[in-house]
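Here the structure comes first, spelled out in C-alpha cells, and everything after it is commentary.
The values are calculated or read from the model by the stated rules, or taken from the named source; none is laboratory data. The shown structure was predicted, so the numbers you read here are calculated from the model rather than taken from an experiment. Cβ: placed from backbone, ideal geometry, glycine included. Neighbour counts: every protein chain shown. Only protein heavy atoms, including side chains, enter the accessible area calculation; ligands, DNA and RNA are left aside. Shrake-Rupley method; radii C 1.70, N 1.55, O 1.52, S 1.80 Å.
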Amino acid sequence: MAECSVCAAPPATVSFSRHCLRHANRSVKVAVIGAGVSGLVAARELQRENHSVVVFEQNDVVGGNWIYDPRTESDPLGLDPNRETIHSSIYVSLRTNLPRALMSFRDFPFLRSRHDPRTFPSHEEVLRFLNLFSDRFGIRQLIRFGTRVVRVERENEEWVVESLDRSSDSVTREVFEAVVVCSGHNSIPRIAEIEGIERWKGFQMHSHNYRVPQPFRHQVVLLIGYRHSAFDIMVDISPVAKEVHVSVKDNRLDVKFENVKYHDMIKCVNEDGSISFQDGSTIFADTIIHCTGYKYSFPYLDTNGIVEVQDHCVGPLYKHIFPPTLAPWLSFIGIPTQEPIFRIAELQSMYVARVLSGKNFLPQEEEMTESIQYIYQEMEKNALPKSSCSLSLRPLQTDYKHWLAAQNGLPHLEEWWENLLIECFKKWIELPGKYKDQWDDAYWDGIIQTTSTFQI
C-alpha cells in the first residue's frame, strides 16, 4: 500500500483511498465522462462531497441516450468503424418500460407533469426530468458541451484526458486525479450471427437505427430478438408492414396480431435468399432488424490491459465499480444492465464520491480481487457465462443494492421498490401490450406514499 498522497503518512495509517484519516475530507479533481443519467447523478454526488468536477459531454444538451435524434448512422448495422455514429437509440413512439417511481432519485422524484402525466411516460418526459434535475442541482455549469473525450490514459499517478472541442476542432489535454466513466452502453450494436447471411440481398439494420415505422410499409420484416425494443418495434410497424416475423429463443409474450408470426431461432439463409428457422419454417423477407442488444465499448480508455472490455462484461471491477489495481482513481457507473439505471447509478455515485473523499475505505487489492472471483463462481454455479457479468442473478442484485445503501449510510432500501420492479416484470409477461395503460396507479401510489419519503 502506498503512503498518503497528501502528507506522506506511512502505509500502515493509510486507507486504500490512498490518504490517511487526517485527510478524510479531501477534494479531488475528477473528470466525469458523459452527461446522461449516470453522469448527471455522479456529478451531483461528487459535488456534494466537495470534489472539483468537470463533465465531458459530446452532445449539446444533457440526457445521453434519452436525447431523441432523428438521424441514423451511415451504416445501419453499426459495423463500419468509420461510420457516422449517433449515440441515441430512441425511437419516436418510445415510452418507458418502468413506472416513474423506479426512475426517481432518492431526493428528486420523477413527478407527473402537465406535459405527460402517464405513469409510463414518453422519452420526451424523461429528458424533461433530467433537465430539471440538472438545473435543480447546478450540474449544467459543470458540463463542457460539444466536447468528446478521445483518450484517457494513466501517466505519473494521474489521469490525462484528451478531449476534442467540436466547435473549434481542437484537442485539449488536461490532468485529473480521478476519472469516472459514465458514457453508457446502448450505442454500439451487437449483431446476430447468421449462417449464409452473405447470400441475402435484402436490407439489414440494428434497432439502434430504428426511428419510425413508415419506411417498412408493405414490407415483410423479420425481427431478431424479443426484449423491450423488439416488442415496441413489432407493435409500431405491424399496422403498416405486410408481415412481421419474430425470431425468438423464448417466446413468453406471444402477443397476437393478424400479420405477426413467431419462429424459433434462425437456422440459415438459403441459396435462394429465403430464411429458414430451427422450427422448420421458411420465409422470404425484405428487411431484417437485429434487436440484439449492445456491446460495452470505451474506445477512449487506455488502461494497459488492466480493464478488459468484452461483449457483455467490463472487468475486473470490485462491486461493479472499481478495477482493483486502479482503485479508487478509476471507476465505472451504470455497468449493471439488469437494474433500473436511476437507483443503481445514484447509489454507486454516492459510494464513489465518499471513497474519493475518504469517508469510505476500500479493501486491500487482494480482497477486492477475491470478491470479484466470488461473483464469477456464483455465476458459474448458475450456468451463467462470465461474459455477462453485470449482475444477472436477482438475489445478487438485491443484496448489492442493500450493500451500497449501507456503505452510503442510508437505511435499508424500501421493500416497495423491489416489489414494484418485480410487478413490472410480471405484468410485462402477462399483459405486454397493455400493462402500461392498465397499471393500477391507485394501489401503487398508495403503497409508495405510505412507505416512501417522496410522493409520486
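How big is D for segment 214-279, in µm² s⁻¹ as a whole number, if Stokes-Einstein is applied with the Kirkwood radius of its Cα pairs at 25 °C and 0.890 mPa s? This corresponds to a translational diffusion coefficient of 200 µm²/s. Distant-in-sequence amide contacts of L301, defined by a placed amide H-H separation under 5 Å and a gap of 5 or more residues or a different chain, comprise V152. Simple spin-label estimate for F203 and Q141 gives 4.8 nm between the two label positions (7 Å along the Cα-to-Cβ direction from each Cα). Candidates N209, I224, H51 compared by Cα position along the dipole of the chain: farthest toward the positive end lies H51, with charges placed on Cβ. Taking a ≥ b ≥ c as the square roots of the eigenvalues of the Cα gyration tensor of the chain, is the shape rounded (a/c under 1.5), prolate (a/b larger than b/c) or oblate? Verdict is prolate for the chain. Normalised by 2.2 N^0.38 Å, where N counts its residues, the alpha-carbon radius of gyration of segment 209-337 equals 1.41.
Of all lysines in the structure, the ones whose alpha carbon falls short of 22 Å from that of K267, not counting any fewer than 8 places away in one chain, are K201, K249. Accessible area per residue for segment 159-203 is 53 Å², calculated with a 1.4 Å probe on protein heavy atoms, without ligands, DNA or RNA. For segment 175-305, the residue among I275, Y262, A178 whose Cα projects farthest onto the positive side of the dipole built from Cβ charges is Y262. Shape analysis of segment 89-185 based on the Cα gyration tensor places the equivalent ellipsoid semi-axes at 34, 16, 13 Å, largest first. The charge dipole of the chain, taken about its Cα centre with unit charges on the Cβ atoms of Lys, Arg (+1), Asp and Glu (-1) only, comes to about 960 debye. Accessible area per residue was computed with a 1.4 Å probe on protein heavy atoms; R26 scores about 40 Å². Protein heavy-atom surface of the chain, 1.4 angstrom probe: 49% of the accessible area is carbon and sulfur, with nucleic acids and ligands not counted.
Once whole DSSP H runs in the chain are found, which of them have Cα atoms spread over 27 Å or more along the helix axis and a mean Kyte-Doolittle score of at least 1.0?
On the way: long enough: none.
None clear 27 Å together with a mean of 1.0.
Between S297 and D169, full extension at 0.36 nm per residue minus the direct alpha carbon distance yields a gain of 43.7 nm. Taking a cut-off of 18 Å between Cα atoms, list the lysines near K434, but don't count ones fewer than 8 places away on the same chain. Within the straight-line cut-off, K434 pairs with K256, K426. Here the peptides 41-48, 243-250 are ranked by packing, the mean other Cβ count within 10 Å, and the order with the highest first is 41-48, 243-250.
Computed over segment 44-119, relative contact order equals 19 percent, with contacts defined as Cα pairs under 8 Å that lie 6+ residues apart. The distance between label points at N382 and D445 comes to 3.5 nm (points 7 Å beyond Cα on the Cα→Cβ vector).
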